2 protein chains.
Amino acid sequence: MTSLDDLVDRMPDVGPAATEPHARQREDRAARILWSGLLEPGDRVGGALIRARGAAEAWRLVEGSPSADVLAAEADIGRNEAKAAIERWAPRLGSRTAEEALERAERHRVAVLVPGDDDWPAALDDLGDHAPPCLWVRGGRGWSAGRDPSVAIVGARAATSYGEHVAGEISAGLAAAGVVVVSGAAYGIDGAAHRAALASGGTTLAFLAGGCDRAYPSGHTDLLERIAASGAVVSEVPCGAAPTKWRFLQRNRLIAAATHATVVVEAGIRSGSLNTAGHAASLGRPIGAVPGPVTSSASAGTHRLLREFDAVCVTGVDDVRELIGLDPGNGTVAPSPEAAGRIRVLDALSDRVPHRVEDVAARSGMSGADVRAHLGTLMLEGAAEAVADRWRRVR
Amino acid sequence: MTSLDDLVDRMPDVGPAATEPHARQREDRAARILWSGLLEPGDRVGGALIRARGAAEAWRLVEGSPSADVLAAEADIGRNEAKAAIERWAPRLGSRTAEEALERAERHRVAVLVPGDDDWPAALDDLGDHAPPCLWVRGGRGWSAGRDPSVAIVGARAATSYGEHVAGEISAGLAAAGVVVVSGAAYGIDGAAHRAALASGGTTLAFLAGGCDRAYPSGHTDLLERIAASGAVVSEVPCGAAPTKWRFLQRNRLIAAATHATVVVEAGIRSGSLNTAGHAASLGRPIGAVPGPVTSSASAGTHRLLREFDAVCVTGVDDVRELIGLDPGNGTVAPSPEAAGRIRVLDALSDRVPHRVEDVAARSGMSGADVRAHLGTLMLEGAAEAVADRWRRVR
């Protein structure tokens, strides 16, 4: 098993460019890498322990095979929860996952980000004990999740051309406006969102379920290269880790947490992108859903979000801008009393036969005085004209 | 001018089949017919006066040319409002509209419904002072707005084939379930809704903006005949009255008020059906909106309802049933802890190489005990199988 002290010695190559003046920070980074190799994403007990004792002290505690009572007291959790954690960590405590991941990271120019780094996306802290101990980042020149507005655009792998078109339009519009487009690099909607952001010269980030040294799906190897070259490819699991179904579900929580809003473009009724939206909702992030034909199964999931999860109906990039507070909206449905009177007067006028004010009043059910007032306005608008002492509608 | 007493003598032929034992009821009916000829739809002052004094006494008051002060006191309204009402009623007080309408009604077998009649839709009382004094009804054998659940299906005249298809599907499903389908007999969505309800052998009602002896639009003459033959064609304006734009807007309030929910299938961004939905919202009736492609201008209005008016996203007849309380809905997005554990164990299994429990535990990041528990469930589900002391995923 890799010890924390061994790993600290190997640290210089894997952190971001910023120098780390203190040994303590180096130790924290090394410990977080070890935790990253031990914990499955979203492990609450690991998160609680790290929060309570710091990553390094927490790691030394776990290395020492603590009793459930000790762990429960240190992490401020229940005894049964502590016992379950010890049991699930045990099979991995002897592994060399972290060390091997570091070797792969160096080969693939993958950096490790930890809380406190300039580029650490502070929004992830909203995950509390479910926050990842560190992030593995390929590329990262365009990484600025903490500073620029960002939107997750996610959706079905089995997207329609309609869905890909809309995802592309929204992504391009956002990217052109300086909004970071975040997605999951899958086929379908994700890919369309990344490609459009790249084509607009914007910044796009891909969060992967497996190690970010592995191109997944392999058909997106080139796309992931391009994303890494201008934005970043990010994962919470160590290099070399396989993209399991569980990690996809947990990866979705990172996409939701790292962004200001999540927009689902197309989704089947049980699509994983609904899971992303669910994470966004539980984090209080706004959810947008793009509607589509009710006859299209690829839109069944977005309609479910509109129905059951109070998602905002998103019809284009302006709606997304509004979702993240970049734009206001407005609109009314009923005519004002003033407009209503004018409508009634216009109804009562003919465009052929001119009528006297008294006739217009009888036809519209309004007083002569009101009719005269509205006729004045309509005349100024060019909608009505006087012919001697009668009035006619202008076609 | 037709006096109330004259009209009372003409009453036997225009009421519904129910006999009216009292002279007072006959007088009330006659007075409401006169009011129907005087007021433009939605005239609040007329409604307030009728509510305060009864239709007959109110009419005699107005026949006597009251001062604004007297009218204000009798109707419990402001003096200026009373003055404006007197001025707008004056041009029509000398007309024979009501008498002529009755002659037309007899020729076209149009009945007059008033509050208190068995078939009067009590839901209209929610309109308060804006309620119509009476309704003119052609057909009416299927009229049962007060008893059966009813839904308004409305939308754009310039509908797409998609919109007409969805309107037809929803209408047919509702009609087959005994829900009365209400619409406005316009081309496009309205017509599709009526036709599908008729084809399903259900009851459908058409509310017209003009007199219900006039087929409008004329291209729907046959459709209106069929609606009248099995359901009803209804209007608040007297026979012979023209369908003006104002009356369309006010007709929409009747459609919204007479039904338990309003569903808009397709609507341009300024469609009149948004006005119907606005009335439904102000009456506290639920609004449903059918989404469509964001690239279709015919769906821009329904998307606006979803965005700005808290409409419920409706994707089919089941959603509409739920909207009026006929069906519950359910659904969750996140996997349960139990399901989450199973997902992680399945992720860690191979469908080729069987693994020991300890390996599965390390791969999934779970304790051996938890893995064993989930393996048991997965085996019972046929998703995993034991091979000697190892486990494999079943394809």
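Looking across the stretch B:221-238 at every residue that is within 24 Å of residue A:346 (Cβ to Cβ) and either not assigned by TED's automatic domain parsing to the domain that holds residue B:179 or not β-branched (Val, Ile, Thr) (or both), the one that is surrounded by the most Cβ atoms within 10 Å (Cβ to Cβ) is identified as B:235. Within the stretch A:91-110, the set of residues being β-branched (Val, Ile, Thr) and away from chain B (no Cβ under 12 Å) comprises just one member, A:110. Would you pick out the residues in the stretch B:239-273 that are touching a strand residue (DSSP E or B) at 6+ places or on another chain (Cβ under 7 Å) and either surrounded by fewer than 24 Cβ atoms within 10 Å (Cβ to Cβ) or closer than 25 Å to residue B:165 by Cβ (or both)? Matches in the stretch B:239-273: B:255, B:256, B:259, B:260, B:261, B:262, B:263, B:264, B:265, B:273. Within the stretch B:52-111, restricting attention to residues that are closer than 28 Å to residue B:9 by Cβ, small (Gly, Ala, Ser) and surrounded by fewer than 20 Cβ atoms within 10 Å (Cβ to Cβ), the residue that is modelled with the lowest pLDDT is B:94. Checking each residue of the stretch B:176-185 against the condition of being part of a strand (DSSP E or B), closer than 26 Å to residue B:111 by Cα, touching a Leu at 6+ places or on another chain (Cβ under 7 Å) and not aliphatic (A, V, I, L, M) gives no match.
I'd like to check something: does the stretch B:290-302 contain any residue that is farther than 13 Å from residue B:156 by Cβ and either among the small types (Gly, Ala, Ser) or buried (at least 24 other Cβ atoms within 10 Å of the Cβ) (or both)?
Yes, the stretch B:290-302 contains a residue that is farther than 13 Å from residue B:156 by Cβ and either among the small types (Gly, Ala, Ser) or buried (at least 24 other Cβ atoms within 10 Å of the Cβ) (or both).
Looking only at residues in the stretch B:34-90 that are acidic (Asp, Glu) and within 30 Å of the chain's Cα centre (by Cα), which one is farthest from the other protein chains (Cβ to nearest Cβ)? Among those residues, the one meeting the criterion is B:43. Restricting A:158, A:176, A:186 to residues that are of a type in the set (A, V, I, L, M, F, W, C) and either in contact with a helix residue (DSSP H, G or I) (Cβ under 7 Å, 6 or more places away or on another chain) or outside the structural domain of residue A:289 (by TED's automatic domain parsing) (or both) narrows the list to A:158. Selection of first residues in the stretch A:193-207 that are touching a residue at least 60 places away in the same chain (Cβ under 8 Å) and of second residues that are among the aromatic types (Phe, Trp, Tyr) and part of a loop (DSSP other than H, G, I, E, B), restricted to Cβ pairs under 9 Å at least 6 apart or on distinct chains, gives the following pairs, ordered by first then second residue: A:203/A:143; A:205/A:143. Yes or no: the stretch B:231-245 includes at least one residue that is more than 12 Å from every other protein chain (Cβ to nearest Cβ), assigned to a loop (DSSP other than H, G, I, E, B) and modelled with pLDDT under 95. There is at least one residue in the stretch B:231-245 that is more than 12 Å from every other protein chain (Cβ to nearest Cβ), assigned to a loop (DSSP other than H, G, I, E, B) and modelled with pLDDT under 95. Name the residues in the stretch B:359-369 that are closer than 10 Å to residue A:92 by Cα and either more than 8 Å from every other protein chain (Cβ to nearest Cβ) or assigned to a helix (DSSP H, G or I) (or both), would you? Scanning the stretch B:359-369 gives B:359, B:361, B:362, B:363, B:364. Among the criteria (1) part of a loop (DSSP other than H, G, I, E, B); (2) surrounded by fewer than 24 Cβ atoms within 10 Å (Cβ to Cβ), the one residue B:209 does not fulfil is (2). Give the residue that is farthest from residue A:353 (Cα to Cα), with candidates limited to residues of the stretch A:370-387 that are assigned to a loop (DSSP other than H, G, I, E, B) and modelled with pLDDT of 85 or more. Ranking the qualifying residues of the stretch A:370-387, first place goes to A:382.
Taking the conditions exactly as written (in contact with a helix residue (DSSP H, G or I) (Cβ under 9 Å, 6 or more places away or on another chain), within 30 Å of residue A:228 (Cβ to Cβ) and of a type in the set (A, V, I, L, M, F, W, C)), does residue A:72 satisfy them or not? No; evaluated as a whole, the condition is false for this residue.
The values are calculated or read from the model by the stated rules, or taken from the named source; none is laboratory data. Treat the numbers as computed from the prediction; the structure is a model and nothing was measured. So basically every Cβ, Gly included, is an ideal-geometry build from the backbone, and we count neighbours across all protein chains shown.
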